[in-house]
Amino acid sequence: MGVGLDAAEYFERAFQPSDVRVLRLAPNTMTQMIHPDSLEPSRAIGAWISHPDGHDTPLGNSSWILLRASSGEYEHVRVWDPDEPVPNEGSQGLRVTRTVESSPFEADRGRVGFVGGFDSGLSTTDQEFSDTAWTYRAELP
């Protein structure tokens, strides 16, 4: 079986010129969903990358999702809040997206999703970040 995607290479191309490190990829499930634009089946894969803009910048403190289309094509989606463009300043931002779920509520009619995540890092001894997480509600256009 071959490599489906080299995530480091993918993000290096996406953020050229870049010095990107993939810190976590697919930490939990690869959620099946319908792509919001193509309406085709796809998979959402959470990612924590070290963005070339660096920490404490809007892109550097964002979290990321890779969407894998049924055709095998990938694209990335940025997770962030425009009202708080540099979340968790001084602590590497949102870090990893751990879950993506479609809203279970009938009123949302498949146009709303919930995204959640965080990761206390390579060491879980930092009490400031243990047992913490974030969640966002996203409405698709």
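The values are calculated or read from the model by the stated rules, or taken from the named source; none is laboratory data. The structure presented is a predicted model; accordingly, all values stated were derived computationally and were not measured. Cβ: placed from backbone, ideal geometry, glycine included. Neighbour counts: every protein chain shown. Keep in mind that these areas ignore ligands, DNA and RNA; they rest on the heavy atoms of the full protein, side chains included. Shrake-Rupley method; radii C 1.70, N 1.55, O 1.52, S 1.80 Å.
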Notebook entry, point to check: Treating the beta-carbon of each Lys and Arg as +1 and of each Asp and Glu as -1, no other charges, what is the dipole magnitude of the chain about its Cα centre, to the nearest 20 debye?
Noted result: 400 debye
Margin query: Net charge within 13 Å of residue 26 by Cβ-Cβ distance, Lys/Arg positive one each and Asp/Glu negative one each, not counting residue 26 itself?
Written below: +3
Next item on the list: Scan around residue 35 for amide H atoms under 5 Å from its own, H built in the peptide plane at 1.01 Å from N, and keep only partners 5 or more places away or cross-chain.
Entry: 40, 42
Next item on the list: Return the calculated 222 nm mean residue ellipticity for the chain, to the nearest 500 deg cm²/dmol, obtained by summing -39500 (n - 2.57) across DSSP H runs with n ≥ 4 and dividing by the residue count.
Entry: -1500 deg cm²/dmol
Next item on the list: Could you pull out the chymotrypsin sites (Phe, Trp or Tyr not before Pro) across segment 62-123 that fall in loop regions by DSSP (anything but H, G, I, E, B) with no more than 15 other Cβ atoms inside 10 Å?
Entry: 105
Check: How much of the accessible area of the chain, in percent, comes from carbon and sulfur atoms when a 1.4 Å probe is used?
Finding: 50 percent
Check: Rg (Å, one decimal) plus Dmax (Å, integer) for the alpha carbons of the chain?
Finding: 15.2, 44
Checklist line | Cut-off 11 Å between beta-carbons: net charge of the residues surrounding residue 133, Lys and Arg +1, Asp and Glu -1 | finding: 0
Notebook entry, point to check: Residue by residue, what Karplus-based ³J(HN,Hα) values in Hz, rounded to whole numbers, does segment 89-101 have, using 6.51, -1.76 and 1.60 with θ = phi - 60° and x for Gly and Pro?
Noted result: 3, x, 9, 6, x, 6, 6, 9, 7, 9, 8, 9, 9
Notebook entry, point to check: Counting only protein chains, not ligands or nucleic acids, how are 120, 42 ordered by accessible area (probe 1.4 Å), most first?
Noted result: 120, 42
Item checked: Positive minus negative residues near residue 57 (Lys, Arg vs Asp, Glu; Cβ under 15 Å) -> -4
